[in-house]
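Just so it is clear, none of the values below were taken in a lab; they were calculated from the coordinates. This structure is a prediction, so every number in the text was calculated from the model and none was measured. Here the Cβ positions follow ideal geometry from the backbone for every residue, glycine too, while neighbour counts run over all protein chains shown.
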Amino acid sequence: MMVKGNRPLACAAILLATLVLAACNNTLSESQPAASASPDASAPALPAVPFATAKFSFAPITGAPAHILSSLSTQLAQEAVAQNVALVPSGDTQASYVIKGYLSAVGDSSGTILVYVWDVFDASGRRVHRISGQETSANGSQDPWLGVDGGAISNVARRTVAALVAWGTGA
């Protein structure tokens, strides 16, 4: 439990959570071949399967309690429809890409921060893209997950699918 006035401690915890999440699947990223030189080497490569025909599947998301996962899954499905992303059920062999998600919540009595990382894997199991970010909620609680509100979950879903579309279309 963090008490009010421990914002530096909360920031340190968020940084630690982000670093831990970023380290997930590090062995997969090390085995990826280096990207070819391009005018903007920091820009992610376009997906091998054209976005217009690609099918995406979300693997079970880790790190969050069931009520958060249920709400986020619903929001992700709604955003996928709204942003024309073809989703297939988890485990579907027709998926061109599998998205694995990792969530963490850090908070105190003054608010909560929801940290998310999504790794996109191709059909061969190679990580080809990463999406990450954080959302804040003014709700505070001893249990940070109780401070995550519907607005934060909705924003995570909207921003996740928008980032997926941007990567897929090269926008």
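Rounded to whole numbers, the Karplus 3J(HN,Hα) couplings from phi for region 87-100 are 9, 10, x, 4, x, 5, 6, 7, 5, 6, 9, 10, 10, 10 Hz, using 6.51 cos²θ - 1.76 cosθ + 1.60 with θ = phi - 60°, and x at Gly and Pro.
Just so you know, the Cα atoms of region 51-169 work out to an Rg and Dmax of 14.4, 46 Å.
Arrange Ile61, Ile153 by Cβ neighbour counts within 10 Å, fewest through most, would you?
Numbers: Ile61 19, Ile153 26.
The fewest-first ordering by Cβ neighbours comes to Ile61, Ile153.
Under 17 Å from a point placed 7 Å out from the Cα of Ser90 along the Cα-to-Cβ direction: which residues of region 45-78 have their backbone N that close? Counting backbone N atoms under 17 Å from the label point, the list is 56-78.
Computed packing ranks the peptides 115-123, 88-96 as 115-123, 88-96, most packed first, by mean other Cβ atoms within 10 Å.
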